[in-house]
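Below: one structure, written as structure tokens.
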Amino acid sequence: MGASSGIGNEVSRLLIERGWTVGVAARRTDRLEQLRALAPDRVFTAGIDVTHDDAPALLRQLIAATGGMDLYFHVSGIGKQNPQLEEDIENNTLKTNGLGFTRMIGEAYRYFAEKGSGHIAAISSIAGTKGMGAAPSYSATKAFQNTYLQSLEQQAHMRKLPIRFTDIRPGFVDTALLDNTHYPLMMKPEFAAKKALQAIDHKRHICVIDWRWRIITAFWRRIPRWIWRRLNIK
């Protein structure tokens with residue numbers, strides 16, 4: 001979900017190279033056709049907007065077209081810096097990263113509960129580590145995603161459902177999401193995609209990409225609130 005560009009596109013390519021049957025979905029279907037051309041008999045496409053009410057039903061249709069689902073990989077998301085706290089930016093981010101995320105992850109969870117097994121992986125972000133003033137709704141929704149996946153993982157255990165979860169938290173990735181803005185320790189989407197699949201292969205619960213961000217976020221968590229709120233992080 002979110003395969004038209006960036007990490008989602010690269011992960012799709014890698015899975016296709018591995019010989020998987022892959023269902024790819026996004027709002028922009030033209031870019032999905034490029035993926036389908038790589039293996040027309042194994043790649044199925046669907047135009048799905050996670051902010052729309054019909055998105056779960058369309059996901060079910062895509063699952064049926066592929067013959068079933070073993071891995072649900074959620075990459076769909078938006079994010080912008082919003083120092084002026086513009087209302088549209090905040091609300092649209094909540095719709096996609098909050099409501100849309102819950103809608104699609106929830107549908108995948110219900111499908112796997114019915115099936116009896118499955119693996120849910122999602123791209124969240126290191127931005128969920130602390131509340132970041134430069135991008136309030138983005139930071140908050142990423143923290144929500146981290147907690148939601150953790151909650152579902154516990155619920156699956158309580159219900160004795162063999163559903164695995166992998167929360168993938170990249171640092172800054174050079175994708176359209178960042179609007180060509182330069183950020184420190186920027187990584188390429190190809191690199192992030194390979195690391196994401198490694199985390200899935202090894203059934204990791206949480207994976208921070210890469211080692212430098214693991215150190216940084218570990219340090220962030222230890223910064224007291226009275227110091228954090230005085231930091232100028234952009």
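The values are calculated or read from the model by the stated rules, or taken from the named source; none is laboratory data. Predicted model, so just to flag it, every value in this text is computed and none were measured. For neighbour counting, all protein chains shown are included, and Cβ atoms are generated from backbone atoms with ideal geometry for every residue, glycine included. Remember, those area values only see protein heavy atoms, side chains included, never the ligands or the DNA or RNA. Shrake-Rupley method; radii C 1.70, N 1.55, O 1.52, S 1.80 Å.
Measuring from centroid to centroid over Cα atoms, what is the spacing of the stretch 15-35 and the stretch 187-228 in Å?
26
Just how much of residue 38 is accessible, in Å², when a 1.4 Å probe is used and the result is rounded to the nearest 10?
90
Which value, in debye to the nearest 20, describes the size of the charge dipole of the stretch 55-98 about its Cα centre when Lys and Arg Cβ atoms bear +1, Asp and Glu Cβ atoms bear -1, and nothing else is charged?
220
How large a share of the accessible area of the chain, in percent, is made up of carbon and sulfur atoms when the probe is 1.4 Å and the other protein chains stay in place? Present the calculation step by step, with values, prior to reporting the outcome.
Details: 6360 of 12260 Å².
Here it works out to 52 percent.
Run the dipole for the chain about the Cα centre, Lys and Arg Cβ at +1, Asp and Glu Cβ at -1, nothing else charged, and hand back the magnitude in debye, nearest 20.
1040
Heavy atoms of the protein only, probe of 1.4 Å, neighbouring chains included. What is the accessible area of residue 163 in Å², nearest 10?
The accessible area comes out at roughly 10 Å².
Quick check on the stretch 184-225: take the gyration tensor over C-alpha atoms, sort the square-rooted eigenvalues as a ≥ b ≥ c, and tell me if it's rounded (a/c under 1.5), prolate or oblate.
oblate
For residue 30 paired with residue 117, estimate the spin-label separation in nm (one decimal), with each label point 7 Å from Cα along the Cα-to-Cβ line.
Spacing of the two 7 Å Cα→Cβ label points: 4.1 nm.
Taking +1 at the Cβ of each Lys and Arg and -1 at the Cβ of each Asp and Glu, which of 135, 73, 83 sits farthest along the dipole of the stretch 67-142 towards its positive end, judged by Cα position relative to the Cα centre?
In the stretch 67-142, that residue is 73.
Taking Cα pairs under 8 Å and at least six residues apart, what relative contact order does the chain come out at, in percent?
With pairs under 8 Å counted, the relative contact order is 18 percent.
For labels at residue 92 and residue 42 in the simple 7 Å Cα→Cβ model, what's the distance in nm?
It works out to 3.6 nm between the two label points.
What distance in nm lies between label points placed 7 Å from Cα along the C-beta direction at residue 134 and residue 232?
Those two pseudo-labels are separated by 1.3 nm.
For residue 150 and residue 225, what does the FRET efficiency come to when R0 = 30 Å and r is the distance between their Cβ atoms, rounded to the nearest 0.05?
Computed FRET efficiency for residue 150 and residue 225: 0.90.
Heavy atoms only, probe 1.4 angstrom, no DNA, RNA or ligands counted: give me 228, 211, 20 ranked by accessible area, highest first. Provide the component values of the computation, followed by the final result.
Values: 228 30, 211 150, 20 95 Å².
Putting 228, 211, 20 in descending order of accessible area: 211, 20, 228.
With respect to the cross-link table entries 160/195; 80/130; 130/195, which display a Cα-Cα separation exceeding 27 Å? Before the final figure, lay out each step's value.
Working: 160/195 29 Å; 80/130 16 Å; 130/195 23 Å.
In this structure, 160/195 exceed 27 Å between Cα atoms.
In terms of solvent-accessible area of protein heavy atoms at a 1.4 angstrom probe, what is the ranking of 102, 141, highest value first?
Order by accessible area, largest first: 102, 141.
Which value, in Å² and to the nearest 10, is the accessible area of residue 115 when all protein chains are kept and the probe is 1.4 Å?
Around 90 Å² of this residue is reachable by solvent.
Whenever you get a sec, line up 195, 203 from highest to lowest accessible area (probe 1.4 Å, protein heavy atoms).
Result of the area sort, largest leading: 203, 195.
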